[in-house]
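Reviewing the structure listed below.
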Amino acid sequence: MKKILLGVFLFLFGICGVANAVVITYSTDLGNGGYTSPIVGAKVYTFDSGDVPTIDSGGNSAIVNGTTNSYAAPAYVSGGTTYRDETHYLVVPGSGSTGEATVTFAAPGGNYLELWWGSIDSYNSLVFSFKTIDGIDVILDSDFWGSQSAPQSNRYVNIFTDQLFTSVTIKSTQVAFELDNLAIATVPEPSTILLLGFGLVGVGCFKLRKKITG
């Protein structure tokens with residue numbers, strides 16, 4: 001069965017082309033502090049003391065812990081019980097109902113971004129120079145939009161792209177976009193990215209998003 005599915009994905013990948021390819025994989029195998037990167041050598045920012053990337057937010061983000069009426073710590077399920085991240089995490093907006101924060105990474109950047117995305121909503125988005133990915137692209141079941149406890153809307157999201165980037169803008173038009181364990185890495189080219197994505201399907205599932213150039 002796996003060989004058949006792999007053949008189908010490789011066929012679709014081949015006929016669609018690889019320009020601006022984005023492969024998204026997920027994991028719900030989370031523990032307190034979040035799922036760590038499956039990519040060897042990835043730089044992971046935990047938002048705990050001394051482990052924070054460069055953030056330009058104009059006051060529209062905050063590094064917090066705990067849960068309030070404005071934001072909720074990312075959740076995970078263990079043994080059938082829901083627990084919350086007890087470590088620090090980033091929330092956008094940190095105040096008000098809309099906002100954004102641009103995270104800049106050291107050169108040369110990477111083509112792979114990861115984040116523990118809490119209570120995924122359609123109004124949350126990640127903006128790259130070449131692509132915008134929002135909650136609609138990553139949610140698997142719309143019945144769980146914004147749930148602060150369901151594993152369907154609290155996932156470790158792995159985003160493989162075929163372009164290098166040195167920054168990403170985290171946006172939310174309502175309260176709020178919560179994330180932890182933001183990571184960046186450089187991985188192989190898109191044809192291999194697809195194979196990696198398929199391999200990671202064992203820890204969750206994935207969607208394939210591609211823009212076809214004329």
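Among the residues that make up region 167-176, is at least one of them more than 30 Å from G59 (Cβ to Cβ) and touching a residue at least 12 places away in the same chain (Cβ under 8 Å)?
Taking every residue of region 167-176 in turn, none turns out to be more than 30 Å from G59 (Cβ to Cβ) and touching a residue at least 12 places away in the same chain (Cβ under 8 Å).
State the number of residues belonging to region 44-64 that are in contact with a Ser or Thr (Cβ under 8 Å, 6 or more places away or on another chain) and surrounded by 16 or more Cβ atoms within 10 Å (Cβ to Cβ).
Looking only at that region, the number is 8.
Kindly indicate which of V77, V52, V8, V40 is assigned to a loop (DSSP other than H, G, I, E, B), β-branched (V, I, T) and at pLDDT below 90.
Of V77, V52, V8, V40, the one residue that is assigned to a loop (DSSP other than H, G, I, E, B), β-branched (V, I, T) and at pLDDT below 90 is V40.
Filtering region 80-103 down to residues that are surrounded by fewer than 22 Cβ atoms within 10 Å (Cβ to Cβ) and part of a strand (DSSP E or B), which residue is farthest from the chain's Cα centre (by Cα)?
Result: T81.
How about region 55-74: which of its residues are assigned to a loop (DSSP other than H, G, I, E, B), touching a strand residue (DSSP E or B) at 6+ places or on another chain (Cβ under 7 Å) and among the small types (G, A, S)?
Scanning region 55-74 gives S57, S61, A72, A73.
Of the numbered conditions (1) over 12 Å from the mean Cα position of the chain (by Cα); (2) of a type in the set (S, T, Y); (3) under 24 Å from V40 (Cβ atoms), S129 satisfies every one except a single condition; which is it?
Evaluating S129 over (1) over 12 Å from the mean Cα position of the chain (by Cα); (2) of a type in the set (S, T, Y); (3) under 24 Å from V40 (Cβ atoms) leaves (3) as the failure.
What is the residue count in region 80-97 for residues that are at pLDDT 90 or above and among the polar types (S, T, N, Q)?
So the answer is 1.
Among the residues of region 165-187, write down those that are within 30 Å of N69 (Cβ to Cβ) and part of a strand (DSSP E or B).
Selection gives V168, T169, I170, K171, S172, F177, E178, L179, D180, N181, L182, A183.
With under 26 Å from G80 (Cα atoms), modelled with pLDDT under 95, under 16 Å from the mean Cα position of the chain (by Cα) and aromatic (F, W, Y) as the only criterion, which of F144, F206, F177 stands out?
After ruling out the rest, the residue left standing is F206.
For region 119-138, give me the residue count where each residue is within 26 Å of T87 (Cα to Cα) and in contact with a Lys or Arg (Cβ under 9 Å, 6 or more places away or on another chain).
9
The values are calculated or read from the model by the stated rules, or taken from the named source; none is laboratory data. All figures in this text were calculated on a predicted structure; none of them were measured in a lab. Methodologically, a virtual Cβ is constructed for each residue, glycine included, from the backbone with ideal geometry; neighbour enumeration extends over all protein chains shown.
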